[in-house]
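Reviewing the structure listed below.
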Amino acid sequence: LGRGPAAPRPLQPPLRLSPGCRGAQGRFAYKLLHDLFDNYSSALRPVEDTDRALNVTLQVTLSQIIDMDERNQVLTSYLWVRQTWLDAHLTWDKDGYGGIDSIRIPSSYVWRPDIILYNNADEHFGGSMETNVVLRSDGHIMWDSPAITKSSCKVDVSYFPFDGQRCRLTFGSWTYNGNQIDLRNQLDTGDLTDFVENVEWEVLGMPATRNVITYGCCSEPYPDVTYTLLLRRRASFYIFNLLLPCIMVSFLAPLGFYLPADSGEKVSLGVTVLLALTVFQLLVAESMPPSESVPLIGKYYIATMTMITASTALTIFIMNVHHCGPGARPVPPWARRLILHHMARLCCVYEVGESCKSPPRALGGRAGAGDAGGPGESPGEGQVGAQAGGCPWEHCLCHHDALLRNVGYIAGCFRRHRANQRRTGEWKKVAKVMDRFFMWVFFLMVFLMSVLVLGNAA
């Protein structure tokens, strides 16, 4: 029979592994695991030559800062720790096992370096999580394990809340010296690509250094890898909750000098402000370590409380000056010249009808002018008035001496009363001038202390 043109061949589907092939891969992996660990011991260091050191590479990834306990000086962090080394007893020919190049097995099956955190501060001393290791055909082992570590960190709170901390994470072998394990860092810095931002701390960097230290107990060198975590505190929370309220309360203290002395609230305001600052000081002291280093905000609180104590004491003294009674001495000449002349014009303290630009009134001059008028007229003027009134001289002569004595007594009392009032008024003005002067002085002190605190923080 004749045949026509050959029909085109259909496209072949892609090659797929049959369930039997996948089962073969499983059998190869099972056989490989059995062959590798038939005569293997995880207790010995896996090297062909026991005189040579085993190279172990360490890399740490910082995932999260869980907590920074300044009072106990403990940093709690979440790390991913990667260790790689070469196991000379766990190599195979991948062609003899169906092309298997790597397997993942429990880490307890293989030898692991005893790399621990030297400055561990955890009371349970927990290590890394028991995760699988990746074993390659050339014997290289990579072990990635997450760990929540508590490390001791020397906290310096001198510039709290504008401080920065340097916390070290030192990793090294506990029993193997440098002649047995050569520990090295894979990168010059810790890995921060997967770091979760912390609300309180900002991470500036995590440099890594390798150190070789000879301890007093042993003559062999012990290498370690130290990661230095550079932290800077985010101060916004403390500025709005501790610093700004303190500054605003501090500016209330000088206003106590502006209150009138007769209000009776001058001392109460100072004591209230002092109690408010004491509460803020206790809040700061609860979170700070009990060390000799006083934080910057603590110094500001102490200086402000000292200033408020001094202002309250001065207020009590000025109130005593204000309430001088009629028996007080006259204002001394030096106080009259310094306080009532110069300081009064400097602080713009003036009486009703005066101003800062008015010429100063002469104090003490013509003090009794007009005091003798009215009831205190001279006898001659009384006689003229009596005669003008039509009183006969012979009828008033019998009452003249008694009337003059009474009028003189009344005029003397009136003059003494006016003198006491004038003396009391001068002391009240002295107290008012001192109030205004110390008010501006303490306002300036509060402003300078606030600027110094912010300047030291910067």
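The values are calculated or read from the model by the stated rules, or taken from the named source; none is laboratory data. Here the structure is a predicted model, which is why all the values come from computation and not from measurement. Backbone-built Cβ (ideal geometry, glycine too); neighbour counts: all protein chains shown. We work out accessible area using only protein heavy atoms, side chains counted, and drop any ligands, DNA or RNA first. Shrake-Rupley method; radii C 1.70, N 1.55, O 1.52, S 1.80 Å.
Structure notes:
- Taking 0.36 nm per residue of separation and subtracting the current Cα-Cα distance, fully stretching the chain between residue 406 and residue 109 would add 94.6 nm.
- Highest mean packing comes first when the peptides 154-166, 34-46 are listed by Cβ atoms within 10 Å, giving 154-166, 34-46.
- Restricting the GluC sites (Glu not before Pro) of segment 199-274 to loop positions (DSSP other than H, G, I, E, B) with no more than 14 neighbouring Cβ atoms within 10 Å leaves 265.
- Atom-type composition of the exposed protein surface of segment 263-311 places 71 percent of the accessible area on carbon and sulfur (1.4 angstrom probe).
- Here's the list of aspartates and glutamates a cross-link from residue 94 could span, going by alpha-carbon distance under 14 Å and ignoring same-chain residues fewer than 8 apart: 35, 138.
- 3J(HN,Hα) along segment 440-453, derived from phi through the Karplus expression 6.51 cos²θ - 1.76 cosθ + 1.60 where θ = phi - 60°, amounts to 5, 5, 6, 4, 5, 5, 5, 5, 5, 5, 5, 5, 5, 5 Hz, with x in place of Gly and Pro.
- Simple point charges give the picture: +1 on the Cβ of Lys and Arg, -1 on the Cβ of Asp and Glu, and for segment 28-233 a dipole about the Cα centre of about 240 debye.
- Surface share of carbon and sulfur [accessible, 1.4 angstrom probe, percent] for segment 28-233: 48
- D (Stokes-Einstein, µm²/s), Kirkwood Cα radius, segment 28-233, 1.002 mPa s at 20 °C: 115
- Averaged over its residues, segment 28-233 has an accessible area of 52 Å² per residue, based on protein heavy atoms and a 1.4 Å probe.
- Loop-resident GluC sites (Glu not before Pro) (DSSP state other than H, G, I, E or B) in segment 64-153 with no more than 14 further Cβ atoms inside 10 Å of their Cβ: 123, 130.
- With the charge dipole of segment 28-233 set up from +1 on Lys and Arg Cβ and -1 on Asp and Glu Cβ about the Cα centre, the Cα lying farthest toward the positive end among the listed residues 72, 92, 61 is that of 72.
- You can think of it this way: the chain between residue 345 and residue 30 has 103.2 nm of extra reach, that is 0.36 nm per residue less the Cα-Cα gap.
- A full extension of the chain between residue 313 and residue 132 corresponds to an added length of 58.0 nm, given 0.36 nm per residue minus the alpha carbon distance.
- Taking the Cα atoms of segment 211-292, the ratio Rg/Rh between the radius of gyration and the Kirkwood radius comes to 1.41.
- Each peptide in 178-188, 245-255 gets a packing score, the mean of other Cβ atoms within 10 Å over its residues, and the list from highest to lowest is 245-255, 178-188.
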